[in-house]
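Peer 1: Sharing a structure with you now.
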Amino acid sequence: MPILSETSDTPSALAAERPSARPVLAWIAGALLGVFCFGILRLVWQTVLLSLRLKDCEIVLEPSVCRLLEQIMQRGGVRRRIRLLVSPTFRQSAAFGMFRRTIVLPEEVLRTFESSELYALLAHEAAQLVRGDSIWLWWGRVLGRDHRPSRAVGRHRAATGH
């Protein structure tokens, strides 16, 4: 049986032998801060790219489309204005904006969708704005997560022809 020295079993000696948790906590806090900063930089970069893509957008002036959006807003009790744009470069519709709510539609949607399909699409995008999905997506991008269920829907439509 080993003989313990007098100093090895004192509380101060035992505390000195245990590794401190502070360096580990500092490393974890630094890593979390790094991820958050990376997310902010990513968000800024994506915002710059989006603003460049919005330069080729035009305001939708088609009266029938504007009426559909007005009907949706009245039916949902939405009072805040929603800007409706059309883009030759967007491949899917998009809804964004916490302060300036915006819906962007691809040009082909206005050419190919029937009125009922366009109504459903506009209602879907307007609902995302009203629910505040932009805020959650913003936080997701800050945290490094990018949720794009519309890509899955697009792949499904392409695969099934619907």
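Peer 1: Which of the following residues is closer than 21 Å to Glu70 by Cβ, modelled with pLDDT of 90 or more, surrounded by 14 or more Cβ atoms within 10 Å (Cβ to Cβ) and more than 18 Å from the chain's Cα centre (by Cα): Leu122, Leu105?
Peer 2: None of the others qualify; the one that does is Leu122.
Peer 1: Just to be sure, is Leu110 surrounded by 11 or more Cβ atoms within 10 Å (Cβ to Cβ) and modelled with pLDDT of 95 or more?
Peer 2: The answer is no for Leu110.
Peer 1: A further question follows. List every residue pair whose Cβ atoms lie under 9 Å apart, where the two residues are 6 or more positions apart in sequence or sit on different chains, the first residue falls within segment 123-135 and is in contact (Cβ under 8 Å) with a residue 40 or more places away in the chain, and the second residue, located anywhere, is surrounded by 17 or more Cβ atoms within 10 Å (Cβ to Cβ) and small (Gly, Ala, Ser).
Peer 2: Ala126/Ala95; Ala127/Ala95; Leu129/Ala95
The values are calculated or read from the model by the stated rules, or taken from the named source; none is laboratory data. It should be emphasised that the depicted structure is a prediction, and the values quoted were computed from it without experimental measurement. Don't worry about glycine lacking a Cβ; one is built from the backbone with ideal geometry, like all the others, and counts go over all protein chains shown.
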